[in-house]
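The structure appears below as structure tokens.
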Amino acid sequence: MPRLLCVGLTTLDIAGRTIDRIPAGGGTSLIDGIALSPAGTAGGMALVAARLGVPVAIASAVGDDAAGRFLRSEFAREQVDTTLLAVRVDKRTSTTMLTIRGDGERPNFHALGAATFMDLPPSVTTAARNARFVHWGGVGGVNLDGGPGAALLAAARGAGAVVTCDLISPGPRTMTELERLLPNVDYFMPNGGEALSLTGEHGLAKAAGHFLRMGAGACVFKRGADGASYFAGDGAQRDFPAHAVTPVDTTSCGDSFCAGFVAALDRGHTVDEACRFAMATAALVASDLGTVGKVASFAATWDAMINMPLARHATN
């Protein structure tokens, strides 16, 4: 039975590197590589968690098209349970084209699709009640905001699940939805920039205080090359440095961080160890094209956590 349920956005990512300019007219440029991967706040999380050995199920939606068939086959290859992955005949699969520049910037083009309009049938609530961990990546979903998502997290938390929550492209209604969600979220895990932008605060500690007062059990802010910062309701605060790697593709680093964090907690590690393991997972993902990057297994990632050099220490 899956121990982790990932709910929310699933996309097909088509990433190309290195693309510093678009050829004029109908011209062609040779690039280093192109990767196709399941991605998104639910899809990317599920894929990396499965690679790390966590029994995982995904609740989302794809279209009845070639992209959807590809995603289902990739999930199956990584042993992600797709029982709750709906196939919509009336929608295309959500897809993103990413043009990765030499300086690491990632201008992209996104086509909305089935995942944006996913529903929460009773079977998803049942799965959430039976899971050890529930990861919510559905903020902004047309049919998820306004109550359905909050009800699902309340059901999961009431049954004893540990709930994590991440964001994708926060909008003007995000804070209103977080007011509903955060009382049933154990670990709120946006990136630092999103936290500051949403709260209007100056400094991550103040931003964390804002979310903690809204009900979050703890905040884990992802900060890219500056590492990550943890804030708890009891006043505990810790910073974790990133690893010193040469980034190739940072597209799914946030989702992989969440996956590493849950994978470590699932094996009984402390929150500090989970944050360190999450940093190593994100570093390995950044080291190659695609959602899983160079992540091979839990054991290999743990070894990387111990042996990869650290970048400068994170500061707030």
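Grab the other residues whose beta carbon is less than 10 angstrom from that of Asp65, score K and R as +1, D and E as -1, and report the net. Write out the running numbers ahead of the final one.
Working: positive: Arg69, Arg88, Lys91, Arg92; negative: Asp64.
Local charge sum for Asp65: +3.
Taking a Cβ cut-off of under 12 Å around Gly33, the surrounding Lys, Arg, Asp and Glu residues balance to a net charge of -2, with basic ones at +1 and acidic ones at -1. Each peptide among 100-111, 6-17 gets the average number of other Cβ atoms lying within 10 Å of its residues, and from highest to lowest they stand as 6-17, 100-111. Positive end of the dipole of the chain (Cβ unit charges, origin at the Cα centre): among Gly8, Val248, Thr291, the Cα lying farthest that way belongs to Gly8.
Relative contact order (percent) for the chain, with alpha-carbon contacts under 8 angstrom and 6 or more residues of separation? Walk me through the intermediate numbers first.
Numbers: 764 pairs, mean separation 53.9, N = 316.
Answer for the chain is 17 percent.
Grab the beta carbon distance between Arg267 and Asn307, set R0 = 22 Å, and tell me the FRET efficiency rounded to 0.05. Intermediate values should be presented prior to the final figure.
Numbers: r = 19 Å, r/R0 = 0.86.
Once rounded, the FRET efficiency stands at 0.70.
For the range 95-141, the Kirkwood hydrodynamic radius comes to 13.7 Å, computed from all pairs of different C-alpha atoms.
A compact globular protein would have a Cα radius of gyration near 2.2 N^0.38 Å; the ratio found for the range 76-158 is 1.33. Restricting the calculation to Cα atoms, the range 102-254 yields a radius of gyration followed by a Dmax of 16.1, 47 Å.
Modelled this way, with points 7 Å down the Cα-to-C-beta line, the labels at Asp119 and Arg3 are 3.3 nm from one another.
Determine the percent antiparallel among the DSSP beta bridges restricted to the chain, to the nearest 5. The partial results should precede the final answer.
Details: 21 of 50 bridges.
Bridges in the chain are about 40 percent antiparallel.
For the range 177-238, the calculated P(r), taken from all Cα-Cα distances in 10 Å bins from zero up to the bin holding the longest distance, is 25, 61, 14, 0 percent.
Net charge of the neighbourhood of Ile100, taken over other residues with C-beta under 12 Å away and scored Lys/Arg +1, Asp/Glu -1, is -4. How about Lys294: which aspartates and glutamates have a C-alpha closer than 12 Å to its C-alpha, ignoring those fewer than 8 places off in the same chain? Filter leaves Asp249.
Here the sum of -39500 (n - 2.57) over DSSP H runs of 4 or more residues, divided by the residues of the chain, equals -10500 deg cm²/dmol at 222 nm, to the nearest 500. Per the Kirkwood formula applied to alpha carbons, the range 240-310 shows a radius of gyration over Rh ratio, Rg over Rh, of 0.93.
Using Cα pairs closer than 8 Å and at least 6 residues apart in sequence, work out the relative contact order for the range 171-243, in percent.
Numbers: 112 pairs, mean separation 19.7, N = 73.
Over the range 171-243, the number comes to 27 percent.
Assigning unit charges at the beta carbon (Lys, Arg +1; Asp, Glu -1) and nothing else, what dipole magnitude in debye, to the nearest 20, does the range 95-233 show about its Cα centre?
In total the dipole reaches around 240 debye.
Within the range 223-277, the proportion of C-alpha pairs whose separation exceeds 14 Å stands at 58%. Would you mind getting me the FRET efficiency between Thr83 and Ile31? Use the beta-carbon distance for r and R0 = 41 Å, nearest 0.05. Efficiency computed from Cβ-Cβ geometry: 0.65.
Convex hull over the Cα atoms of the chain, averaged projected area in nm²? All intermediate terms of the calculation are to be shown ahead of the outcome.
On the way: hull surface 62.8 nm².
Answer in nm², one decimal: 15.7.
Explain nothing, just the number: dipole magnitude of the chain about its Cα centre with +1 on each Lys and Arg Cβ and -1 on each Asp and Glu Cβ, in debye rounded to the nearest 20.
Details: 26 positive and 29 negative charges, 46 e Å.
Charge dipole, the chain, about its Cα centre: 220 debye, nearest 20.
Entry note: the range 1-130 has Rg to Rh equal to 1.04, where both radii use alpha-carbon atoms and Rh is the Kirkwood radius. The spacing between the range 62-132 and the range 220-240, judged by their C-alpha centroids, is 29 Å. Counting only lysines at least 8 places from Lys206 when in the same chain, those with an alpha carbon closer than 25 Å to its own are Lys222.
Every read-out reported here was derived from the displayed coordinates using simple, explicitly stated rules and does not represent laboratory data. Just so we're clear, the structure is a prediction, and the values are computed from it rather than from any experiment. Please note: Cβ atoms are built from the backbone with ideal geometry, for glycine as well, and neighbour counts cover all protein chains shown.
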